[in-house]
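The values are calculated or read from the model by the stated rules, or taken from the named source; none is laboratory data. This is a predicted model, so every value here is computed, not measured. Neighbour counts are summed over all protein chains in view; Cβ atoms, including those assigned to glycine, are modelled from backbone coordinates with ideal geometry.
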Amino acid sequence: MSENTIEILLADYADPAHARALVQLMDEYARDPFGGGEPLSDRCRHELVAKLAAFPGAFSVLAFDGPRALGLVNCFTGFSTFACQPLVNIHDVIVTDAARGRGVCGRMLDLVAAEAKRRGCCKLTMEVLEKNLPAQSAYRKVGFKPYVLDESMGQALFWQRYL
């Protein structure tokens, strides 16, 4: 695998090869301990691509080396009330084991940034587990840092509530 042969592109949810790659990479991510350690559900395998295609503001970036899928970033457009502009939240990032350490993540995130700028967005946001140090290192290399408004108030925390 040469960096010159790696193609980074916006996914076309209607392209069967892109759809297969997206599901394959999401399943790999889901099975990883940082993704929860469980395979993607059958419902998700069958519905994910169509639901992403129908979701306003969703887009994905894929990395390929020839026909082999190497990486995926799923993104959703949101809105910054403080900046009064759209933003892009990066929801999933996966790079296959064999492609890690080769700049694939950074190149995918650079394309996300370019697409966000094209959409008039003011920033990119993402969540990362505190013990996922390799991911944090990759994200820092392309300009991400913890979210802080005022150092005296501390870093923002990501919370959830299931419905």
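Quick notes
- Extreme residue, surrounded by the most Cβ atoms within 10 Å (Cβ to Cβ), among residues of segment 139-163 that are assigned to a loop (DSSP other than H, G, I, E, B) and hydroxyl-bearing (Ser, Thr, Tyr): Tyr147
- Scanning segment 105-138 for residues being assigned to a helix (DSSP H, G or I) and either touching a helix residue (DSSP H, G or I) at 6+ places or on another chain (Cβ under 9 Å) or at pLDDT below 95 (or both) gives a total of 10.
- Residue match in segment 127-141 (condition: of a type in the set (Lys, Arg), in contact (Cβ under 8 Å) with a residue 24 or more places away in the chain and closer than 25 Å to Val49 by Cα): no
- Matching residues in segment 59-73 - criterion: being on the phi < 0 side of the Ramachandran plot and surrounded by fewer than 23 Cβ atoms within 10 Å (Cβ to Cβ): Phe59, Phe64, Asp65, Pro67, Arg68, Ala69
- Sole residue being touching a strand residue (DSSP E or B) at 6+ places or on another chain (Cβ under 8 Å), at negative phi and either hydroxyl-bearing (Ser, Thr, Tyr) or assigned to a loop (DSSP other than H, G, I, E, B) (or both), chosen from Pro56, Pro39, Pro86: Pro56
- Selection status of Phe55, among the aromatic types (Phe, Trp, Tyr), out of contact with any Pro (no Cβ under 7 Å at 6 or more places or on another chain) and modelled with pLDDT of 95 or more: yes
- Within segment 70-90, residues that are without any contact (Cβ under 8 Å) to a residue 12 or more places away in the chain reach partners that are in a strand (DSSP E or B) and surrounded by 13 or more Cβ atoms within 10 Å (Cβ to Cβ) with beta carbons closer than 8 Å, at six or more positions or on different chains, in the pairs Phe79/Gln85; Phe79/Pro86; Phe79/Leu87.
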